[in-house]
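Participant: The structure is given below, and queries will be raised subsequently.
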Amino acid sequence: MNLQDDDFTLFGLPVRFALDRAALDQRWRELQGRVHPDRFAAEGAAAQRIAMQWSVRINEAYRRLKDPLARAQYLCELRGAAIEAESNTAMPTGFLMQQMAWREALDDAPDAAAVQSLDDEVAADERRLQADIGRLLDEANDAPEAARQVRALMFVNRFRADLARRLDADDR
């Protein structure tokens, strides 16, 4: 293992958006078991520091790989298509209109059932975007277009977080 390996190499997984979550989880447990700092207690502080570095690196990679949005961003960047979310916010008009309609629907939602229905709709769109990103990365090898779709998915993710906060507030 090398600290500089990409996340997929570190976990021994193919460099693809499609991911076997059970294999990822199992590999994470195996790697953590090998590098956990407690295993190096008898070897002194230096060995424990190195083990801690490995543990942190493995946890960071695991967090990135298990999250579809973070994994998509990472793959785009590995393939030379930076997301540039802060500087590239251009979106197709239809997408922006959909976002506005969803925001209005949330503002006008009379109760938790309406918010949940909206969340179900947005979740379906999120799954569609993830499937499109997977196809673009794994089949079409079109990282620039995947990066554009990742930016859209970021908008959808933020809106779903807003929906979750509203549902939490409605539960109180």
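The values are calculated or read from the model by the stated rules, or taken from the named source; none is laboratory data. Predicted model only: the values in this text are computed from it and were never measured. Note: ideal-geometry Cβ built from the backbone for every residue, glycine included; neighbour counts use all protein chains shown.
Participant: Restrict the check to the stretch 38-48 and report whether at least one residue is at pLDDT 95 or above and of a type outside the set (S, T, N, Q).
Facilitator: Scanning the stretch 38-48, I find no residue that is at pLDDT 95 or above and of a type outside the set (S, T, N, Q), so the answer is no.
Participant: In the stretch 7-49, what count of residues is obtained for those that are buried (at least 16 other Cβ atoms within 10 Å of the Cβ) and either β-branched (Val, Ile, Thr) or in contact (Cβ under 8 Å) with a residue 60 or more places away in the chain (or both)?
Facilitator: So the answer is 3.
Participant: Among the residues of the stretch 77-93, how many are at positive phi and surrounded by 10 or more Cβ atoms within 10 Å (Cβ to Cβ)?
Facilitator: Initial filter on the stretch 77-93 (at positive phi): 80, 84.
If we keep only those that are surrounded by 10 or more Cβ atoms within 10 Å (Cβ to Cβ) as well, we get 84.
Qualifying residue count for the region: 1.
Participant: Being modelled with pLDDT under 95 and of a type in the set (A, V, I, L, M) is the filter; apply it to the stretch 66-84 and report the residue that is nearest to Arg127 (Cα to Cα).
Facilitator: Ile83
Participant: Given the conditions (1) assigned to a helix (DSSP H, G or I); (2) more than 15 Å from the chain's Cα centre (by Cα), report the number of the one that Arg71 does not fulfil.
Facilitator: The number of the failed condition is (2).
Participant: Being within 24 Å of Ala131 (Cβ to Cβ) and either in contact with a Pro (Cβ under 6 Å, 6 or more places away or on another chain) or touching a residue at least 60 places away in the same chain (Cβ under 8 Å) (or both) is the requirement here; does Gly80 meet it?
Facilitator: Taking the combined requirement at face value, the residue satisfies it.
Participant: I would also like to ask the following. Taking into account only those residues within the stretch 103-133 that are among the aliphatic types (A, V, I, L, M) and within 30 Å of Asp7 (Cα to Cα), which is surrounded by the most Cβ atoms within 10 Å (Cβ to Cβ)?
Facilitator: Ranking the qualifying residues of the stretch 103-133, first place goes to Ile133.
Participant: With the structure loaded, tell me whether Asn141 is at pLDDT 95 or above, in contact with a Leu (Cβ under 6 Å, 6 or more places away or on another chain) and not hydrophobic (A, V, I, L, M, F, W, C) or whether it fails that test.
Facilitator: Against the criterion (at pLDDT 95 or above, in contact with a Leu (Cβ under 6 Å, 6 or more places away or on another chain) and not hydrophobic (A, V, I, L, M, F, W, C)), Asn141 does not qualify.
Participant: Scan Met52, Met100 and give me the residue that is out of contact with any Phe, Trp or Tyr (no Cβ under 6 Å at 6 or more places or on another chain) and either charged (D, E, K, R) or loosely packed, with under 14 Cβ neighbours inside 10 Å (or both).
Facilitator: Result of the check over Met52, Met100: Met100.
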